[in-house]
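The block underneath contains the structure these notes are about, expressed in structure tokens.
FYI, it's all coordinate maths here, none of it is from the lab. Since this is a predicted model, take the numbers as computed values, not measurements. Note that we place each Cβ from the backbone using ideal geometry, even for glycine, and neighbour counts take in every protein chain shown.
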Amino acid sequence: MKILMLSLYFYPDQTGVPKYSGEMAKWLADAGHDVTVIAGVPHYPDWKRAPGSPLLRPKTEHWGNVTIHRVPHYVPGDGKISTIKRMLIDASYLGAAGAKLVESTLKREKYDVAIAICPPLFSGILALAKRLLDGVPWVFHIQDFQVDAAMRLNLLNIGPVGQILYQMEGGLLKSANRVTSITDAMCRRAVAKGATNQRVIVSPNWADVKNIKPMPRDNEFRQAFGAGEDNIVALYAGAMGAKQGLDLVLDAAERLVADTRFKFVMVGGGPEWRRLCTESGERGLSNIQFVPLQPIEKLPALLAAADVHLVVQKAEAADIVMPSKLTNILASGRATIATANQGTALSDAIEQSGAGLVIPPEQPTELVSALQTLADSPESTKEMGIKARAFAEATLDRDVIMRAFEQELNTIAESASEHRRWLLP
């Protein structure tokens, strides 16, 4: 198949959406498909343009068998993000990628299927435009519900702009040939927003079970953290933004500062990084360290250095966002403490796997209690890690998940002529 992917966030960024969109494209290309991606410039999670990124004209590059058309778009010069800046990023990508799509049509470049990765929501507009122009069927792959997240986190109000975005979202969900999302709960939400139930399927994020696996915890990272045999390393690794609510970790560290067993480590980057670092210093939290985002090849050792992983998000995020970091945490064979309301996708994943403890969001006392419970029960903590690994091997293998996704793409491509008649009689 000739596959077109529309993904603002893409390789070489390695946190969240770009990690999975990149791995999806690479898997499909390695499976023999002709994959072209119209991508944004590398800038996430630090919201800074990577050196060498195109400023005025698209740049074509190759990553293995994947062809990437890198289009220029707005990125904040100061690395600080806001609602307006986020909308400018999305809108400028829409314009630049749209121009590239028109060029593709004029050159009579043909594709069998398109994949629009959300966020941003606007990627769906591009895929729909391609179908209207060339009859290309498309898949709307939802990593999180961007508009809902902005509303619940008070980054956007339900005014005229919010109403327009909700109507746009509903229209795109109705028009997509397939809607895929990463949890059952998010798929149900897609149906509630207007997607046709028969066209909605679960396509979860995967774990790299071949490379990320249980390893000895005594490694270079643990030594760098200054953690000994008797220490409990509580690790948060990932993006640091508004939806995570990472003040919770600082509050728990402050309550445990006198308990020398615990060492908190925060690895990653993002708009909250600088503030959290500063506040930690001002509060005299000697038991917490901040470490920059690490190269992907070091991820197995980083995850292995932890005794317990922290998967933290605000209550408002609930089922509109599923932390992408969870899959590889499970594969690493370590226990997890997750902040989630009962009945959410995150809560269900932890409880079904037996991989750790679920506590209410934004409750530092609950986090302290959970950490002490795991520290006082090393055998139970070890058993949680064993169950986590078993769950990852059974349900999160990338090849199994991607083969099912590939089959959906084949089905859509084979019925493309039917969809063309439906849209353009």
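Listed by chain and number, the lysines whose C-alpha is less than 23 Å from the C-alpha of Lys382, apart from same-chain residues fewer than 8 away, are Lys210, Lys213, Lys263, Lys298, Lys325.
Classify region 220-395: rounded, prolate or oblate, from the alpha-carbon gyration tensor (a ≥ b ≥ c, eigenvalue square roots; a/c under 1.5 rounded; otherwise prolate if a/b is larger than b/c)? If you can, show how the numbers build up before the last one.
Values: a/c = 1.32, a/b = 1.16, b/c = 1.14.
Because its axes are fairly even, with a/c under 1.5, region 220-395 counts as rounded.
Remark: relative contact order (region 220-395) = 22 percent; criterion is Cα-Cα distance under 8 angstrom and separation of 6 or more residues.
Against the set (i) 60; (ii) 45; (iii) 33, the structure's computed percent of Cα pairs over 33 Å apart falls on (iii).
If you average the sequence gap of Cα pairs under 8 Å that are 6 or more apart and divide by the length of the chain, what percent do you get for the contact order?
Working: 826 pairs, mean separation 63.0, N = 425.
Relative CO of the chain lands at 15 percent.
Between Met384, Thr373, Val233, the Cα set farthest toward the positive side of the dipole of region 220-395 (charges on each charged residue's Cβ, about the Cα centre) is that of Val233. Distance from the C-alpha centroid of region 124-187 to that of region 6-29: 19 Å, rounded to the whole angstrom. Annotation: amide H-H contacts under 5 Å for Tyr11 (H modelled 1.01 Å from N, sequence separation of 5 or more, or interchain): Gly22. Antiparallel beta bridges, as assigned by DSSP with both residues in the chain, represent about 10 percent of the total such bridges.
Considering only Arg70, Arg403, Arg49, give the residue with the highest GNM mean-square fluctuation for the chain, with springs between Cα atoms whenever their separation is below 10 Å. Of the options given, Arg403 has the highest mean-square fluctuation. Distant-in-sequence amide contacts of Leu357, defined by a placed amide H-H separation under 5 Å and a gap of 5 or more residues or a different chain, comprise Thr336, Ile337, Ala338.
Most exposed first by the Cβ proxy, i.e. fewest other Cβ within 10 Å, how do Leu8, Leu165, Leu235 rank? Before the final figure, lay out the partial values.
Values: Leu8 29, Leu165 20, Leu235 24.
So the residues, fewest neighbours to most, are Leu165, Leu235, Leu8.
Between region 213-250 and region 352-418, what is the C-alpha centre distance in whole Å? When both Cα centres are located, 18 Å separates them. Computed from backbone phi, the HN-Hα couplings of region 347-356 come to 4, 4, 5, 5, 5, 5, 7, x, 7, x Hz, rounded to whole numbers (Karplus: 6.51 cos²θ - 1.76 cosθ + 1.60, θ = phi - 60°; Gly and Pro given as x).
Let a ≥ b ≥ c be the square roots of the eigenvalues of the Cα gyration tensor of region 118-210; is it rounded (a/c under 1.5), or, if not, prolate (a/b larger than b/c) or oblate?
It comes out oblate by the Cα gyration axes.
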